[in-house]
Amino acid sequence: MQHNRSAAPGRKEWDREALDRAFSTFAGMEGGNPAAAVWICDAMPLFLGMPLPLALQGRPEPDAWDAAYRRRHAHLLPRWQTHYRIARVMASARAAALPPGRSLMSAPDYFHRHLYAPRGWEFKLNLFPLPERLDAALPWTKVFAEQPELRSRPAFLRLCREGGRFRFLHGLRQRHRPRVLLCLGERHRHDYLRAFGFQDVAGSEAVLQPADTTHRLQIFQHEGTTLVVAPSFGGVQGLSSDVLLEALGTFLAQWLRATDFPPLLDEVEQPGAPAAGPLFPQAAGAVPMHAGAAA
């Protein structure tokens, strides 16, 4: 994980009300298209993509991986394994939802050209707006030493759960009603259900077993949205192999339609990015984030 000392909160003290307002926005979300049929939610971002004081002001509009974003972060894109894995899931879901004869695309193509496009096929969000580690060398309490309302990480999580953050996520889901809401990480299941208004919905279980490895998915359906809690995309117990990721995409496609993948007019291919290639292109000397904590 990279050092992020330039993101220090500064001397301004943020009170609870100001933080609650800032967190009740699109803060800490990679973004894309909120009107898309597929949403992917993780517990928290691992990379803010902006100075922390700016992030603490909130994000009234969703961000996206447009061409400008990709140019700014071209040196980091090869390290973001979780996003590559999401691209593989989405490419597989699209292939399964489209009728025979429609052009397919590889996961690298999807990542380099379409992932989180402003008017694209998915929307990426996070339950909590701040990464677990803002600075690889400093603990949370040191980063926020001058911020009483953020000094305690449990207090930060509680503010999101009990304040406006989870209510914002609930309202966003009700307003857009995505067909599929893929939530990553089983240990955060309670928070996912609470944040999106599924806490009183009875669930079912499905088994993902494309080969010898078996993984269980938890399925909840409410108000036109199917919420799927899946293992995280990494780690010994997670979904990291191409076979598992493609099987997950095919599984999700049962709730999708071909019309959920219209032709995109705002392709956001990064200039100079390869049209195809290894899914995890490592730059010389690059140190990838560990699988369970890739941004």
Inset, instruction - Sort through Glu146, Glu132 and tell me the only one that's out of contact with any helix residue (DSSP H, G or I) (no Cβ under 9 Å at 6 or more places or on another chain), acidic (Asp, Glu), touching a residue at least 60 places away in the same chain (Cβ under 8 Å) and farther than 24 Å from Leu244 by Cα. - result: Glu146
Inset, instruction - Identify, from the list Ala258, Ala211, Ala202, Ala230, the residue that is under 17 Å from Lys124 (Cβ atoms) and not aromatic (Phe, Trp, Tyr). - result: Ala230
Inset, instruction - Please state which of the following conditions Asp109 fails to meet, knowing it meets all the rest: (1) at pLDDT 95 or above; (2) within 30 Å of Arg153 (Cβ to Cβ). - result: (2)
Legend entry - For Phe166: the one exception among (1) aromatic (Phe, Trp, Tyr); (2) under 19 Å from Arg16 (Cα atoms); (3) in contact (Cβ under 8 Å) with a residue 60 or more places away in the chain: (3)
Inset, instruction - Restrict the check to region 212-221 and report whether at least one residue is in contact with a helix residue (DSSP H, G or I) (Cβ under 9 Å, 6 or more places away or on another chain), at pLDDT 95 or above and within 17 Å of Leu98 (Cβ to Cβ). - result: no
Legend entry - Matching residues, region 11-39, being more than 17 Å from the chain's Cα centre (by Cα) and not in a loop (DSSP other than H, G, I, E, B): Arg16, Glu17, Ala18, Leu19, Asp20, Arg21, Ala22
Inset, instruction - Can you work out which of the residues in region 125-141 that are surrounded by 14 or more Cβ atoms within 10 Å (Cβ to Cβ) and not hydrophobic (A, V, I, L, M, F, W, C) is farthest from the chain's Cα centre (by Cα)? - result: Asp135
Legend entry - Breaking point among (1) within 20 Å of Ala95 (Cβ to Cβ); (2) within 20 Å of the chain's Cα centre (by Cα), for Gln254: (2)
Legend entry - Top-ranked residue in region 106-129 [being out of contact with any helix residue (DSSP H, G or I) (no Cβ under 6 Å at 6 or more places or on another chain) and hydrophobic (A, V, I, L, M, F, W, C); ranked as nearest to Arg257 (Cα to Cα)]: Trp121
Inset, instruction - Residue by residue through region 66-94, note down the ones that are closer than 19 Å to Leu182 by Cα and outside any helix (DSSP H, G or I). - result: Trp80
Legend entry - Candidates Leu98, Leu115, Leu77, filtered to the one that is in contact with a strand residue (DSSP E or B) (Cβ under 8 Å, 6 or more places away or on another chain), over 28 Å from Arg161 (Cα atoms) and either in contact (Cβ under 8 Å) with a residue 24 or more places away in the chain or buried (at least 22 other Cβ atoms within 10 Å of the Cβ) (or both): Leu115
Inset, instruction - Evaluate the following for Phe144: is it surrounded by 15 or more Cβ atoms within 10 Å (Cβ to Cβ), among the aromatic types (Phe, Trp, Tyr) and within 16 Å of the chain's Cα centre (by Cα)? - result: no
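May I ask you to say which residue of Arg119, Arg177 is touching a Gly at 6+ places or on another chain (Cβ under 8 Å), closer than 15 Å to Ala36 by Cα and among the basic types (Lys, Arg)? Before the answer, list the steps.
On the way: Arg119 fails: touching a Gly at 6+ places or on another chain (Cβ under 8 Å).
Going through Arg119, Arg177 in turn, the sole match is Arg177.
The values are calculated or read from the model by the stated rules, or taken from the named source; none is laboratory data. These numbers come from a predicted model, not from an experiment. In this analysis, Cβ positions are derived from the backbone assuming ideal geometry, glycine residues included, and neighbour counts consider all displayed protein chains.
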